[in-house]
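Input: a single structure, listed below in structure tokens.
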Amino acid sequence: MKSKQIWDLPTRLFHWLLVIAIIGVFISEKLNAMDLHRQFGIAIGGLLVFRLVWGIIGARHSRFTAFFPTPTRLKLYIQGKWTAEGHNPLGALAILLLLSILTIQVATGLFANDDSTFFGPLAQLINKEISDRLTHVHRFLEYLIIGWIIVHLIAISIHVWIKKHPILRPMITGGKSLSESIDKKYLGRAIALILSISIAIFVTYIMTGSWISKPQPLAITSTPNF
């Protein structure tokens with residue numbers, strides 16, 4: 001059996017940076033460190049944008065078309081006939097669900113507020129009523145994300161300890177034992193990687209709200225009479 005590169009380095013970096021950012025966003029929120037919370041949230045947004053672009057133009061097994069859970073693929077997996085490389089259809093469904101929830105979570109967080117000192121970086125672009133509604137969605141999705149993480153950890157434990165599947169090693173080394181040789185067709189995708197990173201950086205800048213003109217303080221035109 002030869003070792004075939006299944007998960008490219010950008011995908012593995014995305015995975016572990018996302019883990020760190022999610023841990024950071026939860027801890028900072030519990031510590032009421034909202035500036036740090038905002039920075040972690042924006043970081044998650046940038047990572048998601050990168051993964052979206054990389055999932056379209058990236059390496060073979062990182063493309064959404066390679067593992068999208070179609071009804072046919074799901075049926076094969078349920079019947080025990082799934083033998084393809086990469087994510088199995090059920091795992092792919094869970095991944096796409098998480099990415100979708102995180103995307104909505106970041107989007108709502110950009111416009112959220114806490115009725116006190118915290119306002120999302122783009123909150124001033126909308127009125128307070130809409131911001132309050134998005135804040136409620138943002139807080140609700142937190143519980144969904146926690147639930148997904150618990151289910152994810154349980155699934156990993158089942159694969160590792162019961163089914164004896166070495167699913168953690170490929171996400172670190174990128175390799176998986178297969179009887180095929182390394183597919184070099186999608187190696188060296190420097191242009192796709194640079195484009196993905198560039199788009200992610202640009203959208204991350206948009207999410208920071210730094211481009212929004214800040215209201216100028218009112219000029220004092222006369223000396224107040226005390």
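With 21 Å as the limit, write out which pairs from Lys30/Lys128; Lys81/Lys164; Lys75/Lys164 have Cα-Cα distances beyond it, or answer none. Display every interim value, and only then the final one.
Working: Lys30/Lys128 24 Å; Lys81/Lys164 19 Å; Lys75/Lys164 23 Å.
Lys30/Lys128; Lys75/Lys164, as the Cα separations exceed 21 Å there.
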Using the beta-carbon distance between Tyr143 and Ile191 and R0 = 41 Å, what value does 1/(1 + (r/R0)^6) give for FRET efficiency, to the nearest 0.05? 0.50
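With the full set of protein chains in place, find how many percent of the accessible area of the chain is carbon and sulfur; take the probe as 1.4 Å. Show your work: numbers first, answer last.
Details: 9970 of 14410 Å².
The C+S portion of the solvent-accessible surface of the chain is 69 percent.
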Length-normalised contact order for region 1-96 - Cα pairs under 8 Å, 6+ apart - percent: 24 percent
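Under 4 °C and 1.567 mPa s, how fast does region 1-140 diffuse according to Stokes-Einstein, given a Kirkwood radius computed over C-alpha pairs? Answer in µm²/s, whole number.
Working: Rh = 16.9 Å.
Translational D for this selection: 77 µm²/s.
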Find the centroid of the Cα atoms in region 78-140 and in region 4-69, then give the distance between the two in whole Å. 12 Å
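If you take the beta carbon distance between Asp114 and Leu90 as r and set R0 to 45 Å, what does 1/(1 + (r/R0)^6) give as a FRET efficiency, to the nearest 0.05?
0.75
How would you rank 37-46, 21-30, 204-213, highest first, on the average number of other Cβ atoms within 10 Å across their residues? Please report the intermediate quantities before stating the final value.
Details: 37-46: 22.3, 21-30: 16.9, 204-213: 13.8.
Packing order, densest peptide first, comes out as 37-46, 21-30, 204-213.
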Cα-based Rg (one decimal) and Dmax (whole number) for region 93-147, in Å? 11.8, 38
What accessible surface, in Å², does a 1.4 Å probe find on Phe111, ignoring ligands, DNA and RNA and rounding to the nearest 10? 50 Å²
Contact order normalised by residue count of the chain, Cα under 8 Å, 6+ apart, percent: 33 percent
Might you tell me the accessible area per residue for the chain, computed with a 1.4 Å probe and given in Å²? 64 Å²
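Counting pairs of alpha carbon atoms under 8 Å apart in space and at least six apart in sequence, what relative contact order in percent does region 60-178 give? Before the final figure, lay out each step's value.
Working: 83 pairs, mean separation 18.8, N = 119.
Relative CO of region 60-178 lands at 16 percent.
Tell me what the chain gives for mean residue ellipticity at 222 nm when only DSSP H runs of n ≥ 4 count, each as -39,500 (n - 2.57), the sum divided by the residue total, rounded to 500 deg cm²/dmol. Spell out each step's value before the answer.
Numbers: 8 runs with 132 residues, N = 226.
My calculation for the chain gives -19500 deg cm²/dmol from helical runs alone.
The values are calculated or read from the model by the stated rules, or taken from the named source; none is laboratory data. Bear in mind that the values here come from a model prediction, so they are computed numbers and not experimental data. FYI the Cβ positions are ideal-geometry reconstructions off the backbone, even for glycines, and counts take in every protein chain you see. The accessibility values were calculated without ligands, DNA or RNA, using every heavy atom of the protein model including side chains. Shrake-Rupley method; radii C 1.70, N 1.55, O 1.52, S 1.80 Å.
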